Amino acid sequence: MSDRELAEGLNQRLRDVVLMLRRVSADQPITSQQLSVLGSLENGPRRMTELAAEHGVRLPTMTAQINRLERDGLITRGRDGADARVVTAGLTATGRDRLAAGRERRIGILAERLAHLTEEERAAVAEALPALGKLFGTP
């Protein structure tokens, strides 16, 4: 299989995963995109510009997302200690709870689906995880 064919197959499977996870979140009070932003704040407050870059959106789009999350009590805005002009966003306790619940729901669905695979298929998925981490630049 060529690199191009492998990339096309991976692209399709990634799309399948994203759509499946969106369907899982469809009846939830928070969208999958909002859940993703909350996940970006899990390790502490972040600059709005960093969040926009990480999520591949423009700053006004991220600002609108943060506005909704703040309105719902899931994040708070702050200022950067080194530069008071810089706006940051951080999780509230409610936001942390909502993130944990959303993550648990997603992991539960994935675990359910993995349970339907054979041992060999599950081993193949497990073996692919380090390569996927390297591919996407995550540990």
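The values are calculated or read from the model by the stated rules, or taken from the named source; none is laboratory data. What you see is a predicted model; the values in this text were computed from it and never measured. Positions of Cβ are generated from backbone atoms using ideal geometry, with glycine treated the same way; all protein chains shown enter the neighbour counts. The area values use the complete protein model at the heavy-atom level, side chains included, leaving out ligands, DNA and RNA. Shrake-Rupley method; radii C 1.70, N 1.55, O 1.52, S 1.80 Å.
Looking at the stretch 53-62, can you tell me whether even one residue there is of a type outside the set (Val, Ile, Thr), part of a helix (DSSP H, G or I) and open to solvent by less than 70 Å² (accessible area, probe 1.4 Å)? Yes; the residues of the stretch 53-62 include at least one that is of a type outside the set (Val, Ile, Thr), part of a helix (DSSP H, G or I) and open to solvent by less than 70 Å² (accessible area, probe 1.4 Å).
Check whether at least one residue in the stretch 7-30 is touching a residue at least 24 places away in the same chain (Cβ under 8 Å), touching a Leu at 6+ places or on another chain (Cβ under 9 Å), under 18 Å from LEU91 (Cβ atoms) and not in a helix (DSSP H, G or I), and report yes or no. Yes: one or more hits. Restricting attention to the stretch 99-112, the residues being more than 20 Å from MET48 (Cβ to Cβ), touching a residue at least 24 places away in the same chain (Cβ under 8 Å) and not β-branched (Val, Ile, Thr) number 4. When the stretch 77-98 is filtered for residues that are touching a residue at least 24 places away in the same chain (Cβ under 8 Å), open to solvent by less than 70 Å² (accessible area, probe 1.4 Å) and of a type in the set (D, E, K, R), only ASP80 remains. When ALA84 is tested against the conditions (1) at pLDDT below 95; (2) of a type outside the set (Val, Ile, Thr); (3) in a helix (DSSP H, G or I), the lone failure is (3). Screening the candidates LEU38, LEU74 for the property of being open to solvent by less than 70 Å² (accessible area, probe 1.4 Å), touching a residue at least 60 places away in the same chain (Cβ under 8 Å) and not basic (Lys, Arg) yields one hit, LEU38.
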